[in-house]
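Q: Here you go, one structure.
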Amino acid sequence: MRTKTLIIAVLCLALASTLFAQDPANPTPPAVGPVVSISLIVTDKDGKGITTLRKEQVRVFEDKDEQTILSLEADERPVDCVLLVDSSGSLRRLYPSVIEAAKLLIANRRPVDQIAVVRFVSTNIIEKTQEFTSDDSLLKKALDNLYLEKGQSAVIDALYIGADYVAEHNKGNEERRKVAVIVTDGEDRISYYKQQDLIKLLHQHGVQVFVLGLVVDLSDDKGFNKPGVKEKAEKLLKSVAEESGGRVFFPVKKEELVASAAEIILDLRAQFRIKYQSTHDASKKGFRKLDVKFVSPDGEKRNMIFPRAYHVGPRTPPGKKSEKK
């Protein structure tokens, strides 16, 4: 009798479990996704940085699904910045102004920020002239020792190696931002890496790219159904900056170059940090697309600048090409 009663009880329990699992009023709880942190730059209609923003003015989307923002705050984390200086002969006329703008970035470094200097020409001439340091005298000396050299520009390679370099510095410390600032005419002639390789690396490591694009001396002439050199360079620099959540400037005169460097300094200091817990299962590895929108009841316009994707899971960039020491 006891055995029969026990069998009936087990069957009832199994039936109840099945009914509960199928009950739409008691769905299986979704898998918890990762807590995501993204940087955000906000500008007005004239491209000037905005330093005030409220959480209710922002909406975040991951793979088109809206996310609930946990926090929005000023991003005051220290910055690790690699400064990439194009030293190819095509920049000869503007080189003194290039060095002046680079020194402005160094002079406005916060004590907690660290900067490294890298000069580049071709794919086999990408040199670390100063390792990461907080010593302004060493950084300025490194800039004073830069020189021009003949060679076919490898802009993508320089950015790839520079981004990997800054990502490895203080690796694993989420309380330091990763930034690359590049001064170049943007004419890539001979890079080993492809543009998509670079963008994947930037998304994987969360490296933000700022560009001083000195395209003024490049040719506007277009071939048959092909973009001109200048247009191609601008397109490359814009794409890399936008994908990474950074900004690009195309100064024409020395005064504009210095003003653009000052704007980058403001951007580095006046960013926001958004945190949200993804609604997408953390076990699903790969890239996830991001979108951030500004919400204003009075129609106020703001430009939201943010990384266009992030990566979940092990980072597996393509094989690295070593730089010349």
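The values are calculated or read from the model by the stated rules, or taken from the named source; none is laboratory data. Because the structure is predicted, anything quoted here is derived from the model rather than measured. In this analysis, Cβ positions are derived from the backbone assuming ideal geometry, glycine residues included, and neighbour counts consider all displayed protein chains.
Q: Can you tell me which of ILE190, ILE182 is assigned to a loop (DSSP other than H, G, I, E, B) and among the β-branched types (Val, Ile, Thr)?
A: Sole residue among the options that is assigned to a loop (DSSP other than H, G, I, E, B) and among the β-branched types (Val, Ile, Thr): ILE190.
Q: Just for the stretch 178-220: of the residues that are under 10 Å from the mean Cα position of the chain (by Cα) and of a type in the set (Gly, Ala, Ser), which one is surrounded by the fewest Cβ atoms within 10 Å (Cβ to Cβ)?
A: The selected residue is GLY206.
Q: Is the stretch 265-277 home to any residue that is among the hydrophobic types (A, V, I, L, M, F, W, C) and in contact with a helix residue (DSSP H, G or I) (Cβ under 7 Å, 6 or more places away or on another chain)?
A: yes
Q: What pairs can you find where one residue is in the stretch 136-148 and closer than 16 Å to GLY89 by Cα, the other is in a helix (DSSP H, G or I) and at pLDDT below 95, and their Cβ atoms are less than 8 Å apart, with a gap of 6+ or different chains?
A: Correct list of pairs: LEU146/ILE99; LEU148/GLY89; LEU148/LEU91; LEU148/ARG92; LEU148/TYR95.
Q: May I ask you to verify whether ILE265 is in a strand (DSSP E or B), over 14 Å from the mean Cα position of the chain (by Cα) and among the β-branched types (Val, Ile, Thr)?
A: no
Q: Does the stretch 132-142 contain at least one residue that is surrounded by fewer than 18 Cβ atoms within 10 Å (Cβ to Cβ), in the same structural domain as ALA102 (by TED's automatic domain parsing) and of a type in the set (Val, Ile, Thr)?
A: yes
Q: Right, here's the next one. For the subset of the stretch 159-177 comprising residues that are of a type in the set (Gly, Ala, Ser) and in a helix (DSSP H, G or I), which member is surrounded by the fewest Cβ atoms within 10 Å (Cβ to Cβ)?
A: ALA167
Q: Considering each residue of the stretch 94-108, count those that are surrounded by fewer than 19 Cβ atoms within 10 Å (Cβ to Cβ), within 25 Å of the chain's Cα centre (by Cα) and not polar (S, T, N, Q), and give that number.
A: Adding up the residues that qualify gives 5.
Q: Take the residues in the stretch 240-254 that are over 17 Å from GLY47 (Cα atoms) and assigned to a helix (DSSP H, G or I), then tell me which one is modelled with the lowest pLDDT.
A: Checking each candidate, the answer is LYS254.
Q: Examine the stretch 93-100 for a residue that is in contact (Cβ under 8 Å) with a residue 40 or more places away in the chain, assigned by TED's automatic domain parsing to the domain that holds LYS140 and among the basic types (Lys, Arg), and state whether such a residue exists.
A: The answer is yes, given that some residue of the stretch 93-100 is in contact (Cβ under 8 Å) with a residue 40 or more places away in the chain, assigned by TED's automatic domain parsing to the domain that holds LYS140 and among the basic types (Lys, Arg).
Q: With the requirement that a residue be without any contact (Cβ under 8 Å) to a residue 60 or more places away in the chain and of a type in the set (Asp, Glu), what does the stretch 246-273 give you?
A: Within the stretch 246-273, GLU255, GLU256 qualify.
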